[in-house]
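A short worksheet on the structure shown next.
Nothing in this text is a laboratory measurement; each read-out follows from the coordinates by a stated rule. The structure presented is a predicted model; accordingly, all values stated were derived computationally and were not measured. Ideal geometry is used to build each Cβ from the backbone, glycine not excepted, and the neighbour counts take in all protein chains shown.
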Amino acid sequence: MKFQTPRGTRDILSPEVEFRNYVFEKSRELFEIYGFKEIVTPTFERTEVFTKGIGEASDIVSKEMYTFKDRKGRSLTLKPEGTAPVVRSFIQNKMYGKSLPIKLYYCGQMFRYEKPQAGRGREFSQVGIEIIGTSDPLADVETIALVMNLYKQLGIDKTKLIVNSMGCRNCRKKYLQDLNKYLEIKSKNLCENCNFRIEKNPLRVFDCKVDQCKKILSKSPILRDYLCNECEDHFKNVLKGLESLKIKWQLDNRLVRGFDYYTKTVFEVTAPKLGAQDAICGGGRYDYLIEDYGGPLTPAVGVAIGVDRTALVMMRMGIKPFSEKNIQVFLIALNDTAKKKAIVLLDDLRKNKIPSDMDYGNRGIKGQFKMADRLKAKYVLILGEDELRNNKVSLKEMDTGKQSIVNYDDVINYLKEKIKESN
RNA sequence: GUGAGCGUAGCUCAGCUUGGUUAGAGCGCAGGAUUGUGGCUCCUGAGGUCGCGGGUUCAAAUCCCGUCGUUCACCCCA
C-alpha cells in the first residue's frame, strides 16, 4: 500500500460513522437540555496551555503530545484533551465577570501519541462538559447524572460508575507523606514498575495489577481516610445526590486520574466489550486549575466522553437505535430518451425531499432492479418506451412486488402520499 | 515505551509445520438461464505486486532478518 493513513489514524466509514454521528447528536441534545452552551476552541494551542494544567510529569505531557514549531518558532501542540483549552478560554475571555456558574460543552478531535489499540487511536473524538464557578457538590452530581443519562439513552447498559475523592491541596499533602513512608518500607516487595511509580507519581501504584503489589497496597493508607472535613462532606453529598437520583456507584480507592489538576471528586464510567480500554468517560473536579492559570480562584467540574469508544461499544453490543436512511425511490430508464426524462423526474423527487437515485451507466433492466434491491429502495419507477408514449410511469412496490401505472405528472404527489402512509 | 499474535481476491479465511506444476474456498461483484422486472436457484466469468524490502535456496506465500500496518496484553486513558 503506497498511501495510507498515519499510524493510529483511520478513515471512519459508513456503518461506524452513523453510530458516531448519533453519539454526537444525542450528546448535543442532552447538553442543551441540561443548559450547556457550546464552545469551540482551536485545534492547537500554545504548548504551555497543556504543560501547565495537565502536569509536566504526566504521561500525556511528557511523551504523548503532538508538539511542533510554527514558522516563527512558536511551540504549538495539537490538543490532547479538552479541559485545559476551555479553562484558558474562560480566563482569556474574562468569563469570570459573567454570572457564574457558566456551563460549557465542546466536541472535537484530540491527539495523543500513544500505541494504537482498538478503541485507542492517535486521533480521537471527545465531547465534554465543564461547569465552571461552583463548588456545590450538586454540580458534580449533575455532571455524573448527565453522562449516565446519555448512556442510557444510547442504549448502553451494564455500565459501571466508579467514584473516588482525591481530596484538596491540604489533605492530599498529608496523605502523600504517609503513603510514601509506607511504600518505602515495602518497596523491596513491590514490583519494579511500582518502584518506578513511587518516584514519579506515588498515586499511580494503585494502577498495578500484580497480585503481590495489590496485596501490599490493600493495606496501604487510603486517601479517603485523610480527607479534611470539607472534602469529606463534599464527597458524602455527592454520593447522597447520586443516591437520590438512583445512580449506582462503586467506590474505588485506587481510581486516580492521569491529570494532575483533579481535586475532590473523580469518576470514570466503564463499559463492557471493550477489553482493557473500557473507560468510556472520565472526569472530576478541578478547583485550583483556573487559579493555576492565573485566573481568580474558581472551582469547576467536568467530564470528557470518548466518542469513538462509545460508538464501538454500541456496535459491539449490537445496539442500533437509529433507522437506516435508505433510498426511497429508484428510477429505471430503459433507453436514452427515457434517461433524459428520468433525470428531470429525479431532480423533482429530490426537490420534494424524497431520497431517490438512479443508475449512471447503461445497465439492463435486470441490473438496475438489482441495484434498487441492494439500495433497499421501497419503490421503483420505470420509464420505458410504453411509458414515454403515454406520458405514464410504471411504479413497482418492492416489498410486495405489486406494480401499477401512474400519470407522469401525478407520480410525485402519489409517492409523497405513499411514503407518508408508510411512516 | 515493553511483550506477544496476525497481514494471502472487495470481505471472511484455507494453504505455511515437512519450500517444488497455472495459489484455493465461501460470500460479494459482473454476465447469462428469463430479448421490460429485483430477492431464491443454476451456469459462466472477472478479480491476487501472497503488506513492503532484503537474505538463504536450483526453487520462497511457505524458512531467516528488517520494516510498515493492525490486534491483544502491559502502560496510559476517552
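A few notes on this one:
- Pairwise FRET efficiency - A:LYS320 versus A:TYR182, Cβ, R0 = 60 Å, nearest 0.05: 0.75
- Of the trypsin sites (Lys or Arg not before Pro) in region A:296-327, the ones in a loop by DSSP (not H, G, I, E or B) with at most 16 other beta carbons within 10 Å are A:LYS325.
- Cα gyration tensor shape of chain A, rounded if a/c is under 1.5, else prolate or oblate by comparing a/b with b/c: prolate
- Toward the positive end of the charge dipole of chain A, with +1 on the Cβ of Lys and Arg and -1 on the Cβ of Asp and Glu, the farthest Cα among A:THR51, A:TYR288, A:CYS231 is that of A:THR51.
- Taken as Cα centroids, region A:280-301 and region A:77-138 sit 10 Å apart, rounded to the nearest whole angstrom.
- Relative exposure of A:VAL205, A:VAL163, A:VAL210, judged by other C-beta atoms within 10 Å (fewest first): A:VAL210, A:VAL163, A:VAL205
- Spin-label proximity, A:GLU56 to region A:152-193 - amide N less than 11 Å from point 7 Å beyond Cα toward beta carbon: none
- Compared with the alpha-carbon gap, the fully stretched path from A:ASP252 to A:LEU297 is longer by 13.3 nm at 0.36 nm per residue.
- Other residues whose C-beta falls under 13 angstrom from the C-beta of A:TYR261 contribute a net charge of 0, scoring Lys and Arg +1 and Asp and Glu -1.
- Residue list for region A:396-418, given a label point 7 angstrom along the Cα-to-Cβ vector of A:ILE343 and an amide N cut-off under 20 Å: none
- Among the listed pairs A:LYS152/A:LYS418; A:LYS79/A:LYS215; A:LYS115/A:LYS240; A:LYS94/A:LYS320; A:LYS79/A:LYS264, those with a Cα-Cα distance over 32 Å are A:LYS152/A:LYS418; A:LYS79/A:LYS215; A:LYS115/A:LYS240; A:LYS94/A:LYS320.
- Region A:74-122: trypsin sites (Lys or Arg not before Pro) in DSSP loop, at most 15 other beta carbons within 10 Å: A:ARG74, A:LYS94, A:LYS98
- Chain lengthening between A:GLN277 and A:GLN117 when straightened (0.36 nm per residue, less Cα-Cα): 56.8 nm
- Within the straight-line cut-off of under 18 Å between alpha carbons, the aspartates and glutamates reachable from A:LYS26 are A:GLU16, A:GLU18, A:GLU38, A:GLU130, A:GLU142, A:ASP157, A:ASP308, A:GLU324, sequence neighbours fewer than 8 places apart in one chain being disregarded.
- Ranked by how many other Cβ atoms sit within 10 Å of their own Cβ, fewest first, the residues A:SER75, A:SER89 fall in the order A:SER75, A:SER89.
- Helical mean residue ellipticity (222 nm; -39500 (n - 2.57) per DSSP H run of 4+; nearest 500) of chain A: -12500 deg cm²/dmol
- Inter-label distance, nm, simple model (7 Å from Cα along the C-beta direction), A:ASN21/A:ARG169: 4.8 nm
- Violating pairs (Cα-Cα greater than 22 angstrom) within the set A:LYS63/A:LYS173; A:LYS158/A:LYS219; A:LYS181/A:LYS219: A:LYS63/A:LYS173; A:LYS158/A:LYS219
- For region A:148-197, chymotrypsin sites (Phe, Trp or Tyr not before Pro) are listed when DSSP marks them as loop and at most 15 other Cβ atoms sit within 10 Å of their Cβ; the list is empty.
- Between A:TYR96 and A:LYS416, the C-beta separation translates, for a Förster distance of 51 Å, into a calculated FRET efficiency of about 0.40.
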